[in-house]
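No value in this document is a laboratory result; all are computed from the given coordinates. Small disclaimer: the values here were computed from a predicted structure and weren't measured. Ideal geometry is used to build each Cβ from the backbone, glycine not excepted, and the neighbour counts take in all protein chains shown.
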Amino acid sequence: MRPNFDLALEGAAIQPVIGDHYRVRQWQGIPGIECAPDNRLWAAFYSGGTGEGPSNYVALVKSEDRGQSWSDLLYVIDPPEQVRAFDPCLWKDPAGRLWVFWSQSYSWYDGRCGVWASVCADPGADTIVWTNPRRIADGIMMNKPTVLKNGEWLLPIAVWACHESPLNELPEQAFSNVYVSTDAGASFQLRGSADIPNRHFDEHMIVERGDGSLWMLVRAFYGIGESFSYDGGRTWSPGKPTVLGGPSSRFFIRRLQSGRLLLVNHYGFKGRSHLTAMLSEDDGLTWKGGLVLDERADISYPDGVEDREGLIYVIYDREREKAKEILMAVFTEEDVEAGACVSEHAALQHLVNKASN
């Protein structure tokens, strides 16, 4: 009998954690992080079951002291039956609202998936209120949106092309897609799609360059590929490899308040080790500095955010099935330039969450 794939089209609401049901976790990883007012940080990751599969749920935790200490699991997104919630993305929009994006799929990958969102209007409040879940588009989005100078929001959403679809109904969407909102999140539409050869799970991110063009970086089997748009994301150049390297894993790139670009990647390494932060002053043509955030093996999937004071927080995972750690690095541009922690609040390998056995 055909599975009921449409169960994944029913959004799971964000629920408070009550009791010990989620205390024991056999694995966890794929984190995201965002700032809120009054030194509060929010972090998300996913767990459930013995690995990536139908038992997955998204978990949220918070810190009230800039990440020095963290709560245990506060909220979960846990769909019923064979539907999983995975690849969370935390993002604070220009109005200060906290968006929690996640994907839902029937079993590991149903070929359609779907990006869902719930919003908190005041992420620094004592009592947190989440909106009802809302489906944005087919596909998967784990990296933060980009706000253009004209106020448009660009969301990097992909339908994986590297795996056959049990539904077999979305080949026309199997690209590194760009969705746009021109009304501050009231609505979203597909704007354009890039096709980077040998891409692997996409996990793409978008940067607006100084000349107004868009630079898309995409995870590929060889490391990181790229494509460019000169019309606001409607059309994209043929994809090609970059010289950024890496082991075919998630990376993080973002424009900082200073105007520089920050890139976090396993630069110069073929394995998931030596997670390194670098800076560019010329829109990614050259990179300088090199702060190694964690040199150990089996570290991956960075996400980051910069607070108003210029502190940069990068979250990542380590040994998803063994150590089961979510870790964080705190640093400034000065530390990246120096290649060492020289600023007052810099700290590396700080524990955010470790799953119980």
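A few points about this structure:
- Across region 238-283, the relative contact order, built from alpha-carbon pairs under 8 Å that are at least six residues apart, equals 34 percent.
- Tensor-based shape of region 62-109 (alpha-carbon gyration tensor, a/c under 1.5 rounded, otherwise prolate or oblate): oblate
- Cross-link pairs beyond the 26 Å C-alpha cut-off, checked among Lys288/Lys322; Lys144/Lys288; Lys62/Lys144; Lys62/Lys324: Lys288/Lys322
- Dipole size of region 57-116 about its Cα centre, with +1 on Lys/Arg Cβ and -1 on Asp/Glu Cβ: approximately 200 debye, rounded to the nearest 20.
- Efficiency of FRET from Cβ geometry, Gln68 and Ala186, R₀ 41 Å, rounded to 0.05: 0.65
- Here the dipole of the chain is about 480 debye; that uses its Cα centre as origin and unit charges on the Cβ of Lys and Arg (positive) and Asp and Glu (negative).
- Taking Rg and Dmax of the Cα atoms in Å as calculated from this structure, the corresponding entry among (i) 23.7, 75; (ii) 23.4, 79; (iii) 18.9, 61 is (iii).
- Projecting the Cα positions of Leu170, Met278, Val24 onto the charge dipole of the chain (unit charges on Cβ atoms of Lys, Arg, Asp and Glu, taken about the Cα centre) puts Leu170 furthest along the positive direction.
- Based on C-alpha pairs under 8 angstrom that are at least 6 apart in sequence, region 290-340 has a relative contact order of 38 percent.
- Taking the fewest neighbouring Cβ atoms within 10 Å as the starting point, the ordered list for Tyr179, Tyr106 is Tyr179, Tyr106.
- For region 1-93: rounded, prolate or oblate by the Cα gyration tensor [a/c cutoff 1.5]: prolate
- Shape call, region 200-289: gyration tensor on alpha carbons, a/c limit 1.5: oblate
- Where trypsin sites (Lys or Arg not before Pro) fall in DSSP loop in region 4-43, at most 11 other Cβ within 10 Å: Arg23
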